[in-house]
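Step one of this worksheet: look at the structure below.
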């Protein structure tokens, strides 16, 4: 939880980040006393501790099949990979190789389908070379293609390489899982790197998140030197999107900061009181943020 206000349009943190461990079904109220008179922003970042709820693995599965059918099918296909049953293709990565099945790879990837149905090198030699991927990440990638469960730790370690591979071979569901994982822990330190990755590998949700953090949440003021260098060297499409978002935000801010003459007159004629109805003095605003389940307010 983080509270920021914007005097003269520049962000000032009033209350630092506060981490709270709250069960999903329990409400939580955060009361903040502060002296901000300009608009303020409450940031709420949700993170789910999967281990606390008995989930430690990610499984990519078709949504319309029953759980039992999916698990049986995945178990059989995973056994084929694990026990090297009738494999007919070798995947070479940095540091090792993996035996796999053309039919399974082709069914999950349009790129592999094209490789194995046309007279290409991979079809003739029965090998696929992935020279930009470590053997560990390649094992995780092939495992996902086969429907093998992937641990959260494994995803965090290899997701950058998995994004590249899933984009290259058209494995969209794995690409989406990696994108969602990157959105969860995007921070000021990795913001520009994630934005570049989102643009390069077509991750629209991650890209929107990064641009919003830079502009709407004022992260560009926290890393001015890095941001300036990024704007000089980044692709012009990214630069244009950041600038257009900043211009739109500026127009909205101007509209909000134009109170009518009547409202201005009333403010001047009324003595300011604190939020509890005390003596005139510094204006104080109390914010109550209530979190209950998936609902939030700001």
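Listed values, structure above:
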| item | result |
| --- | --- |
| Virtual spin-label span in nm between residue 125 and residue 236, 7 Å along Cα→Cβ | 3.9 nm |
| Simple spin-label estimate for residue 172 and residue 107 in nanometres, 7 Å along Cα-Cβ | 1.9 nm |
| P(r) tail fraction, the range 109-242 - alpha-carbon pairs more than 25 Å apart, % | 37 percent |
| 219, 208 arranged by Cβ crowding within 10 Å, fewest neighbours leading | 208, 219 |
| Ranked list, fewest to most other Cβ atoms within 10 Å of each Cβ, for 90, 209, 233 | 233, 90, 209 |
| Hull-based mean projected area of the range 55-182, where the convex hull spans the alpha carbons, in square nanometres | 7.8 nm² |
| Relative exposure of 158, 199, judged by other C-beta atoms within 10 Å (fewest first) | 199, 158 |
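Every read-out reported here was derived from the displayed coordinates using simple, explicitly stated rules and does not represent laboratory data. Owing to the predicted nature of the structure, the values given are computational and were not obtained by experimental measurement. Here the Cβ is made from the backbone with ideal geometry for all residues, glycine too, and neighbour counts use every protein chain on show.
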